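Undergrad: After the structure tokens below, expect a handful of questions from me.
The values are calculated or read from the model by the stated rules, or taken from the named source; none is laboratory data. None of the values given here were measured: they were computed from a predicted structure. Neighbour counts run over all protein chains shown; Cβ positions are idealised from the backbone, glycine included.
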Amino acid sequence: MSLPPGFLDELRTRLSMSQVAGRKVMWDQRKSNQAKGDMWAPCPFHQEKTASFHVDDRKGFYYCFGCHAKGDAISFVRETENVSFMEAVEILAGEAGMQMPARDPKAQEKADRRTQLAEVMEMAVSHFRLMLKTGAGAEARDYLTRRGLDDAALDRWDIGFAPDAWQGLWDHLKAKGVEDDLILGAGLAKPSQKGGKPYDTFRGRIIFPIRDARGRAIAFGGRAMDPNDNAKYLNSPETDLFDKGRSLYNHGPAREAAGKGAPLIVAEGYMDVIALSEAGFGATVAPLGTAITEDQLRLLWRIAPEPIIALDGDKAGLRAAMRVIDNALPLLEAGQSLRFAIMPEGKDPDDLLKESGPEAMQALIDGAQPMVDLLWQRETEGKVFDSPERKAALDKDLRTAIARIQDPSIRNHYGQAIKDKRWELFRARPQGSKGQGGQKRAWQPGKGGGWQQTPPVLASTKTSLLASADDRAQEALREAVILAILIRRPDMLDQVESRMERIEMVGPGHGDLQQLLLRHAHDGAAVLADQIEARIGAQALEKLFALNHVRITPAIRADDDDEIVSACLTEELTKLEALRGARREVIDAEADMNALPDEGVTWRLGQAAEARNKALRSQTEDKATYEVADNGSLLNREERDALDALLAQIDPKKGT
């Protein structure tokens, strides 16, 4: 059975050599460099203990320095699975999600035609290069000189020119004996709709040859010299040689440069690629007039694990970046992602290089943002989240985007990163709690009331519970109970998360515990405790759970009873909110009485006091009295008395 042209190339593109070999070998992590596709393992073809089996992911080959076995993914499957060539292709095609083609008796004929088309394309390259050096190409040469390209650069990139003539290239190729169907099949000419001679595809344009990874000319890109031309850039139509969505401009040289350690950069156009490469950024490629496709992403990841998308700093460039994110999310794998270097507004890489030099471009590359930052920017930029509904809409959009990630580990990490960013946006600085210069403010009764500047609190004062005084001391104790319950049972946070976000802690160290709880509760109690110990020390938890008020809380003593835990947690939050609501009402009333007292103020105070007392008179409050036993544990006094009475009935001597 013969395979159609391009099938094996596509198969090798979709599967990396390390993916195929990774099923049979255990990689030596100390010797391997996954970022560069440089992998080492003990050889699967002979018995050994050292890692002499080497895989070069960029080239798609393996070689053993012990037994000298070598080959590509197909030969690896043939040798390890003991199958024929076609069976190995079928195995790999199944893994890559490619359907095996039907038997094609004309496959060899098609392969021969592709070879002929490639030869015609090289003839066209030579013709366009010659035309650039003639008088007809004077204006194009001037333009390229203004763009900073000298004769040596023009030769390196094989840049040419197509004069504004209807059959210039057609006549040239026909004079060399090229058949009509080959010229048309290569996309170099189009048939006339009026019955005349076919006419050239490219006219009045600077020509950029597009080559595949092996260096064969497969298409052209043309830039119009006429500023009024509707199509500034024009690519060859798709042919047997050229698939626009599966090709990259400067693919081969960029792959070679990336293999030597250069960062892989994805620019927007031909001139950006040329400018960056000439400035020393040799591993630069560009898609061909379309948004980056899934196939192009796979090509990029075959070259480097984390390509840098360098897009123009305008609205179109940002829109292109967002489209890339949507295509990339389902394809993400461990160690395989994208970063983004957004140019200054209104500039492209060529502009930046001319104005600020390679150093400015290098700084942008070094500071390239991870993809999660662009995803967050897309969902939040220009939006206001001043209502629960808008916040919920943001959460829904982010969940929908993250759900497209197939790898569960990456999906979890994206979720954590988004949660951290959401924390910074909504929770880090409650509204009204900061004054000018970032100084902390507090609600103080005084002339006119309102937020008053508060002097800084001494460190020694912060550590004392008495710093809060009276009601604040009671509030601090209730805060401690709430924090202790949630630290012991972080799975309960979902029920009260929005209420926890609004609490401004007054107890010593409670604010730090609150932030760590909200950030890491989803990781489980053990991880949360480790985070608290790492950030603020194990003594913080010891001090919290040592409080008698915490130790006698029913939820702590029965933390495996969801109903008790939930009821106790809800009750403590309600009491705390009632205490603070009543205090704020008193402060407001005092301010109103200083201004214009009336009966309404008295009524408001009465309502606040009633709400406070109602919350504190909870029917579920634990009213038991406890005492400390000899071993330090807490005992319910009523239960202790009942036990003593029972013992007295059994043995009167023990009841005395």
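Undergrad: Against the condition modelled with pLDDT of 95 or more and closer than 27 Å to Asp112 by Cα, how does Pro209 come out, does it pass?
TA: yes
Undergrad: Examine the stretch 514-527 for a residue that is over 20 Å from Lys419 (Cβ atoms), surrounded by fewer than 18 Cβ atoms within 10 Å (Cβ to Cβ) and of a type outside the set (S, T, N, Q), and state whether such a residue exists.
TA: Looking through the stretch 514-527, none of the residues is over 20 Å from Lys419 (Cβ atoms), surrounded by fewer than 18 Cβ atoms within 10 Å (Cβ to Cβ) and of a type outside the set (S, T, N, Q).
Undergrad: For Asp386, work out the one condition from (1) over 14 Å from Leu311 (Cα atoms); (2) not in a loop (DSSP other than H, G, I, E, B); (3) not aliphatic (A, V, I, L, M) it doesn't fulfil.
TA: The failed condition is (2).
Undergrad: Give the stretch 190-214 a look and list any residue that's on the phi > 0 side of the Ramachandran plot and within 44 Å of the chain's Cα centre (by Cα), or say none.
TA: Gly204
Undergrad: Taking Gly37 as the residue in question, decide whether it is surrounded by 15 or more Cβ atoms within 10 Å (Cβ to Cβ) and on the phi > 0 side of the Ramachandran plot.
TA: When the stated conditions are applied, Gly37 passes them.
Undergrad: Restricting to the stretch 326-355, give me the number of residues that are touching a residue at least 40 places away in the same chain (Cβ under 8 Å), within 20 Å of Ile274 (Cβ to Cβ) and assigned to a helix (DSSP H, G or I).
TA: Final tally of qualifying residues: 4.
Undergrad: Say we look at the stretch 302-325 and pick out the residues that are without any contact (Cβ under 8 Å) to a residue 40 or more places away in the chain and in a helix (DSSP H, G or I); which of these is surrounded by the fewest Cβ atoms within 10 Å (Cβ to Cβ)?
TA: Ranking the candidates gives Lys315 first.
Undergrad: Kindly check whether there is at least one residue in the stretch 286-297 that is outside the structural domain of Ser409 (by TED's automatic domain parsing), surrounded by fewer than 21 Cβ atoms within 10 Å (Cβ to Cβ) and of a type in the set (Gly, Ala, Ser).
TA: Taking every residue of the stretch 286-297 in turn, at least one turns out to be outside the structural domain of Ser409 (by TED's automatic domain parsing), surrounded by fewer than 21 Cβ atoms within 10 Å (Cβ to Cβ) and of a type in the set (Gly, Ala, Ser).
Undergrad: Also, quick follow-up: Under 6 Å by Cβ, and 6 or more places apart or on different chains, what pairs join a residue from the stretch 16-27 that is under 11 Å from Phe61 (Cα atoms) with one that is of a type outside the set (S, T, N, Q) and in a loop (DSSP other than H, G, I, E, B)?
TA: Ser16/Asp57; Met17/Asp57; Met17/Gly60; Ser18/Asp57
Undergrad: Restricting the first residue to the stretch 522-542 and requiring it to be in the same structural domain as Glu497 (by TED's automatic domain parsing), which pairs with a second residue that is of a type outside the set (Ser, Thr, Tyr) and assigned to a loop (DSSP other than H, G, I, E, B) meet a Cβ separation below 8 Å and a spacing of at least six or different chains?
TA: Hits for this filter: Ala525/Arg489; Ile536/Gly509; Ala540/Gly509.
Undergrad: I would also like to ask the following. Would you call Asp226 farther than 23 Å from Gln296 by Cβ and surrounded by 15 or more Cβ atoms within 10 Å (Cβ to Cβ)?
TA: no
Undergrad: When Met100 is evaluated against the numbered criteria (1) farther than 30 Å from Val25 by Cα; (2) part of a loop (DSSP other than H, G, I, E, B); (3) hydrophobic (A, V, I, L, M, F, W, C), which criterion, by number, is the only one it fails?
TA: Only one criterion is unmet by Met100, namely (1).
Undergrad: Looking at Val55, is it assigned to a strand (DSSP E or B) and buried (at least 16 other Cβ atoms within 10 Å of the Cβ)?
TA: yes
Undergrad: So which residues in the stretch 33-49 are in contact (Cβ under 8 Å) with a residue 12 or more places away in the chain and of a type outside the set (Phe, Trp, Tyr), if there are any at all?
TA: Gln34, Ala35, Lys36, Gly37, Asp38, Met39, Ala41, Pro42, Cys43, Pro44, His46, Glu48
Undergrad: In addition: Looking only at residues in the stretch 249-269 that are touching a helix residue (DSSP H, G or I) at 6+ places or on another chain (Cβ under 6 Å), among the hydrophobic types (A, V, I, L, M, F, W, C) and in a loop (DSSP other than H, G, I, E, B), which one is surrounded by the fewest Cβ atoms within 10 Å (Cβ to Cβ)?
TA: This residue is Leu264.
Undergrad: Also, quick follow-up: Please specify each residue of the stretch 344-365 satisfying the condition of being under 30 Å from Arg411 (Cβ atoms) and more than 17 Å from the chain's Cα centre (by Cα). Full working, then the answer.
TA: If we filter the stretch 344-365 for residues that are under 30 Å from Arg411 (Cβ atoms), which is where we start, we get 364-365.
Passing the criteria: only Leu364.
Undergrad: Among (1) touching a residue at least 40 places away in the same chain (Cβ under 8 Å); (2) out of contact with any Asp or Glu (no Cβ under 8 Å at 6 or more places or on another chain), which single condition is Gly245 missing?
TA: So the condition that Gly245 fails would be (2).
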